[in-house]
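Q: I have a structure I would like to understand better, so I am pasting it below and will then ask my questions one at a time.
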Amino acid sequence: MWWPSALRRYSRYVAALAVFLLVALFVLSPSARSHLDRLRRDFMAQSLVRKARSEVERSRPDLARAARLAGWATELSPQSLPVLRGAAGVFLQARAWDRAAKTLLALGGLTGHLDTYRLGMCYLYLGEEKAGVLLLENHVSTQRSLHATGRLGDFQLAAVLNDVGYVYADTGVRLREALALTQEAVRRVPLNGNLLDSLGWAYFRLGQYEQAAFYLERALRQSREPSADILYHAGVVHARQGRLLLGRHELQRALALRAEFPEAEAELRRMHWQLPRPEPV
């Protein structure tokens, strides 16, 4: 047959022509160059976000490294919605509140929708109480309206109340409101470890250690695998009650789950001189 030999004869010319056309398109079209560069940057940025997510999901994550990776991703592709959404989640898990707030604001500018809960949380942890409380109050009001019209279930509303109440308690603002919100959340969903933990933490922040211990011990029992936060809260409350060995045990369990946990480390240092001397063997 003649056509295989002809194909072999002319294939190199066809390939050369295709390369020439691609190069000409690239050289003659600035928009094509810009599009290809954007695709390259998006690809690299999304790869960095995936690495950052993998880091924060490890059993002992390096949160500083995760935040750096997410930061490089947003610098490479500051207009990509998938990159900004992924980076915002990493910044929040890494407690990089300033970077998280800036990323959430950038997302809101691109989508026209502001994440009032997560942005309000960032502001509170950054010490901007007025702005943070305003956003969180608007978030709760909106979610209550959705619940009243049947567009939000009881469990979802309980989760909203718990999240806002916990942030208030953890940042030390609106403590009475934190207690009321977490109490309502537990009334709606009584046997959830995370909700019980938030209520116990609100009682702790108010200085009511017995009530705090009651709910935190229930949170531990209801959680098949307690998080580092629940263990830390329980350890702090036990220490305040003078149950130092039990408190140390829970704090060490928290540190085993989270390598970077300065609050737990500080509590262990505070307890060091208060621990009873070991019995002689």
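Each reported figure results from applying straightforward, stated rules to the coordinates on display, with no laboratory input. In this text the structure is predicted, and so the values were computed from the model without any measurement. Positions of Cβ are generated from backbone atoms using ideal geometry, with glycine treated the same way; all protein chains shown enter the neighbour counts.
Q: If we count every other residue with Cβ under 15 angstrom of Leu124's Cβ, Lys/Arg +1 and Asp/Glu -1, where does the sum land?
A: Combined, the nearby Lys, Arg, Asp and Glu give -3.
Q: Report the calculated FRET efficiency for His272 and Ser59 (r = Cβ-Cβ distance, R0 = 22 Å), to the nearest 0.05.
A: That pair, His272 with Ser59, gives E of 0.25.
Q: Add +1 for every Lys or Arg and -1 for every Asp or Glu among the other residues with Cβ under 14 Å from the Cβ of Val173, and state the total.
A: Local net charge: -1.
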